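For reference, the structure discussed in these notes is given below.
The values are calculated or read from the model by the stated rules, or taken from the named source; none is laboratory data. Quick caveat: nothing in here was measured; it's all calculated off a predicted structure. Here the Cβ positions follow ideal geometry from the backbone for every residue, glycine too, while neighbour counts run over all protein chains shown.
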């Protein structure tokens, strides 16, 4: 009968709360230690990555959270809204890519925020002023006879023109805001948690 030889492995003893002390091979213990080290190393890294993503999200959300005012009131209190923001589901569909504010013809119109005048002139017969702001934001004001020209630096609340008579039969000041060529946002959101007043449009 052949004798069987067993390889004895060095062991460490680990306490089990149910059965008391048990023996584990040293190799398994080493593996367990490596896994535990990997887990505890990964946790801070994961938290750091998550914190970074939170910071990124905060930075994005704050990209347009500078000081902005209503172009009609020149304060954070918005003018009465004649027509609200109603963007189309598709770019080619009709919609309202801004808000119409109850501002009188001839009244001064202010820049909603500090920036540089991108355009001041006529667009399809409508006098228009558009301004570039920090973070890639651009605001547009129609119909406005400009007092500024392209390239001018303006401050928040600075008068950029006066409201002209409507060219399309729509009363009031059209105020638009976008963050990209086809990405429009509600300009009233720039004012923060302001109370929006809707005025009936007769």
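What to note about this one:
- Within the set 171, 200, 166, the sole residue that is exposed (fewer than 12 other Cβ atoms within 10 Å of the Cβ), modelled with pLDDT under 95 and outside any strand (DSSP E or B) turns out to be 200.
- Cross-chain or 6+ apart pairs with Cβ under 6 Å, the range 74-93 first and at pLDDT below 90, then assigned to a loop (DSSP other than H, G, I, E, B): 86/95; 87/95; 87/97; 88/95; 91/182
- Restricting the range 125-149 to residues that are in a loop (DSSP other than H, G, I, E, B) and over 26 Å from the mean Cα position of the chain (by Cα), the residue that is surrounded by the most Cβ atoms within 10 Å (Cβ to Cβ) is 143.
- Test: residue 106 is over 14 Å from residue 163 (Cα atoms) and either touching a residue at least 24 places away in the same chain (Cβ under 8 Å) or in contact with a strand residue (DSSP E or B) (Cβ under 6 Å, 6 or more places away or on another chain) (or both): no
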